[in-house]
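J.: Would you mind keeping the following structure in view while I ask a few things?
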Amino acid sequence: MSEVFFVRHGQASFGSDNYDKLSDLGHQQAEWLGQYFAHRDLQFDAVYTGDMVRHQETLAGIQKGLQIATPDAQITPQLNEFDFHTLIKAYLVSKGESLPGQGSPRKEFYRILKSALHEWSAGTLTEGTPETWQGFEQRVGSCLGDIGKQSGRVLVVSSGGAISMALRQILQSPASIMVDLNLQTKNTGVSHCFFNSQGFSLSSFNHVPHLDSPDRHHAVTYS
């Protein structure tokens, strides 16, 4: 029986001109996770990441914390996040609405994202979207198939949406489950699965054991 650890990237630079890079806290979260893996004496036989900067920086932080070499990462855009900025813009245009103003509660952004995701998955939001829901589903599923051919312990560093899509497929659940999972994934949250030639089974979702201490509660983030 083999196993895979899906890791969402560290805290990104939400609200900045370039979201696709880690904040200082994001780098620290990744290093702490690597230290946790080292404490558990976890070594990896294969590594996969998307090709986004935040994925690469998160992997680098994990490797720094591990302090041992990992296999060369198999870098694939199949593990990239969907373009949520463009998706939200397309949704707002379709509704004749505008993005909440500067300083609005973050929950307003997530409310719009949730609505956009539901319409995207239902096929009622297609105009101006960066890719179809089916295309997103297929590319993540294709990568999941490749991971399933590995053996031993696999580390996958990606984004909340792509990981949630993979878990939805593993659970054979409706699209709404991907939306629910996506909106609660923590930065450097770990989802653990076992797999063999028959398929995958989910063992745990969205754990942050490396942040589970009073002095690190501030480091549990969702962006």
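Just so it is clear, none of the values below were taken in a lab; they were calculated from the coordinates. This one's a predicted model, so the numbers in the text were calculated from it and none came from an experiment. Methodologically, a virtual Cβ is constructed for each residue, glycine included, from the backbone with ideal geometry; neighbour enumeration extends over all protein chains shown.
J.: Tell me the net charge near G34. Cut-off is 13 Å between Cβ atoms, G34 excluded, with +1 for each Lys or Arg and -1 for each Asp or Glu. All intermediate terms of the calculation are to be shown ahead of the outcome.
T.: Working: positive: R40, K64; negative: E31, D41, E57.
Residues close to G34 contribute a combined charge of -1.
J.: Oh, and also: Mind scanning K64/K114; K95/K186; K64/K107 and naming the pairs with a C-alpha gap bigger than 31 Å? Present the calculation step by step, with values, prior to reporting the outcome.
T.: Numbers: K64/K114 35 Å; K95/K186 29 Å; K64/K107 33 Å.
Listed pairs above 31 Å: K64/K114; K64/K107.
J.: Taking the stretch 23-148, how much of its Cα-Cα pair set, in percent, is spaced more than 21 angstrom apart?
T.: Values: 4408 of 7875 pairs.
That fraction is 56 percent.
J.: Now for a separate question. What's the exposure ranking of T132, T185, T70, going from fewest to most Cβ atoms within 10 Å? Write down the numbers at each step before the final one.
T.: Numbers: T132 12, T185 21, T70 17.
Listed from fewest to most nearby Cβ atoms, that is T132, T70, T185.
J.: Regarding the stretch 134-218, what's the average projected area of the Cα-atom convex hull, expressed in nm²? Write out the running numbers ahead of the final one.
T.: Numbers: hull surface 24.2 nm².
Computing the convex hull of the Cα atoms and averaging its projections yields 6.1 nm².
J.: Here's a follow-up. Do the sum for the chain: with -39,500 (n - 2.57) for every DSSP H run of n ≥ 4, divided by all residues, what is the mean residue ellipticity at 222 nm, to the nearest 500 deg cm²/dmol? Intermediate values should be presented prior to the final figure.
T.: Numbers: 7 runs with 94 residues, N = 223.
Estimated from H runs of four or more residues: -13500 deg cm²/dmol.
J.: Any chance you could check the Cα centroid distance between the stretch 1-64 and the stretch 107-124 for me, in angstrom?
T.: 26 Å
J.: Let me ask another. Taking the Cα atoms of the stretch 63-121, what is the range of coordinates along each of the three principal axes, in descending order and whole Å?
T.: Largest first, the stretch 63-121 extends 51, 26, 15 Å along its Cα principal axes.
J.: So between H218 and D45, what do we pick up on full extension, going 0.36 nm a residue minus the alpha carbon distance?
T.: Values: separation 173, 0.36 × 173 = 62.28 nm, distance 3.23 nm.
Fully extending the segment from H218 to D45 adds 59.1 nm.
J.: Still on this structure, please answer the following. Hey, which aspartates and glutamates would be in cross-link range of K21, C-alpha to C-alpha under 18 Å, not counting anything within fewer than 8 residues on its own chain?
T.: Reachable aspartates and glutamates: E31, D51, E57, E81, D83.
J.: Which whole DSSP H helices in the chain pass both tests: a Cα extent of 15 Å or more along the axis and a mean Kyte-Doolittle value no lower than 0.5? Numbers along the way, then the final one.
T.: On the way: long enough: 24-39 (23 Å, -0.81); 53-66 (20 Å, -0.39); 84-95 (16 Å, 0.59); 106-122 (25 Å, -0.72); 133-147 (21 Å, -0.24); 160-171 (16 Å, 1.04).
In the chain, the long hydrophobic H runs are 84-95, 160-171.
J.: Another question about this same structure. In Å and whole numbers, how far do the C-alpha atoms of the chain stretch along each principal axis, longest first?
T.: 53, 42, 27
J.: Over the chain, what is the percentage of antiparallel beta bridges among all DSSP beta bridges, to the nearest 5? Don't jump to the answer; show the numbers that get you there.
T.: Working: 13 of 25 bridges.
So the antiparallel bridges in the chain amount to around 50 percent.
J.: Can you give me the pair-distance distribution of the stretch 82-184, C-alpha pairs, 5 Å bins, whole percents?
T.: 2, 12, 22, 23, 17, 11, 7, 4, 2, 1, 0
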